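Scroll down for the structure; my scribbles are underneath it.
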Amino acid sequence: MITKNWKAFLLSVFLFSPAFGQEKFIDLIHRKISSAVYTTVSSLDNFFADPRIKEESKAYLRFRAGFSYNSSPSFNNILKVDFKIRLIKLEKRLGIFVESYKERLTRKEEEEPVEIKERNKEQISLGIEYKPKKQKIVRHRFSVGITSSPKIYAKYFISNVPVIYKRWEITAYQWFRTEKKMNDYKLEERTQLYIDRLLAPDFVWRIYLERYKDSKTPYQVINYISSIRMFNPVKFYKRSLAIESFAGLTQKKLINAEVSNYTLQYRIRANIYKDWAFFNIHTGSNWPKSRGFKGTPFIKVFFEFYFGKI
C-alpha cells in the first residue's frame, strides 16, 4: 500500500519531472478549462464578424447588399464594401496594408451595414503596422498611415489576452487614434470591456461596456449592452447559424448621465453557401431621445459575401 509520503513523492515527480514539467502541466489544465469558453466565444465572434475580430484580422474583402426599413419612415438600400489587404510583412513585424476607412461610428453601426451617405462614405487608407512577435499577457499594435482625404493618422491599440475563470472570459481593449488634416486636428480614445459567460455549449451571455471620447465633442458616449448568443440552436438547418438578442442603452457622460437611446434587437446570421456567403436579418426597435423616446421599429435584410479570414 502506498503511504501518504509516497503519494506526495509521486505527485512531486509528476509535476516536476522533465516529461511532465510544472509549466506543461499548468498549460494542460489551462487549455482544458479555457477551451470550452474561449473556443465558443471566438467562434461566435468570428461568425458574426464582430468589429474587434475585423480589426485584428490580416486581410479580408467583404461585400453586403440588401435593404433596411424603419418607422421613421425610411426605406434604404444596403450596399457596402469594406476591406483590408495586407501587402507585405517586413521583418515579420512591420506590415504594409491598404484598407477602407470611415469616420467614427457607433458599435451598432459597425456591426450592421449602413447605407452609404456623404458623412460615412468610405475612403482608402494606406498604412504601416507594427506588432510585437510574442505577446503573452498584453497585446498591442501601432500603425500610421494616410487616407484619401488626405489625412495623416496614427493608431495605438492595447488589450489583454482573454482572462479565463471557470466559465467566464474577460477581455479589455483600449484604443487611441489621432489624425491631422491641413489645419484640422482630432484625437479619439475608446475603452471596451467584454465579459462573457458560457451558460451551455454554444450558448454565451455577453456584457459589453464601451466609453468613447474625442477632442471635438464636449462629452463622452457610454454604451451598455447585454446579449444572449446561441450557435446552431436548431438542428434542422444543416449549415452554421447563429442567433443573438440584446438590449442596451446609450448615454452621454459617466456621472449625471443623460440617456440618449434605448435599444432592443435580434440578429440572425446563417451560412448559405460554403464558408463565404451569408444571409442576415436584424430587427428590433430603438427609443431615441430625439423622437421623445418613441419606439422606432426597424428591419434589415441583407446578403454578405467575404473573402479572406475575418
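Taken together, the values in this text are just the output of simple stated rules run on the coordinates, not laboratory data. As the structure is a prediction and not an experimental result, all values here were calculated from the model. Here the Cβ positions follow ideal geometry from the backbone for every residue, glycine too, while neighbour counts run over all protein chains shown.
If each of V98 and N77 carries a label point 7 Å out from its Cα toward its Cβ, how far apart are those two points in nm?
Using points 7 Å along Cα→Cβ, the separation is 2.5 nm.
Could you work out how far the C-alpha centroid of segment 135-203 sits from that of segment 265-285, in angstrom?
So the separation of the two Cα centres works out to 25 Å.
Roughly how many debye, to the nearest 20, is the charge dipole of segment 154-310 about its Cα centre, given +1 on each Lys and Arg Cβ, -1 on each Asp and Glu Cβ, and no other charges?
Numbers: 27 positive and 13 negative charges, 34 e Å.
Charge dipole, segment 154-310, about its Cα centre: 160 debye, nearest 20.
Relative to the present Cα-Cα distance, how much length would full extension add between F142 and T283 at 0.36 nm per residue of separation? List each step's numbers first, then the result.
Details: separation 141, 0.36 × 141 = 50.76 nm, distance 3.64 nm.
Taking 0.36 nm per residue and subtracting the Cα distance, the gain is 47.1 nm.
For a footprinting-style exposure proxy, rank R229, R177 by other Cβ within 10 Å, fewest first. Don't skip to the end; give the middle numbers.
Details: R229 25, R177 17.
Least to most surrounded, the residues fall as R177, R229.
Less than 14 Å from a label point 7 Å out along the Cα-to-Cβ axis of D184: which backbone N atoms in segment 131-160 qualify, by residue?
Once the point is set 7 Å along Cα→Cβ of D184, 147-153 turn out to lie under 14 Å by backbone N, inside segment 131-160.
Fewest Cβ neighbours within 10 Å first, please rank K180, K235, K80, K151 accordingly. Kindly include the intermediate steps, with their values, before the conclusion.
On the way: K180 14, K235 6, K80 20, K151 17.
Taking fewest neighbouring Cβ atoms as first place, the list is K235, K180, K151, K80.
Using the number of other C-beta atoms within 10 angstrom as an exposure proxy, rank V234, V204 with the fewest first.
In increasing order of surrounding Cβ atoms, one gets V234, V204.
Check I272: other-chain or 5+ apart residues with amide H under 5 Å from its amide H, H built from backbone geometry?
It is A277, F278, F279, by chain and number.
List the residues of segment 238-275 whose backbone N lies under 13 Å from a point placed 7 Å from the Cα of S42 along the Cα-to-Cβ direction.
Once the point is set 7 Å along Cα→Cβ of S42, nothing inside segment 238-275 turns out to lie under 13 Å by backbone N.
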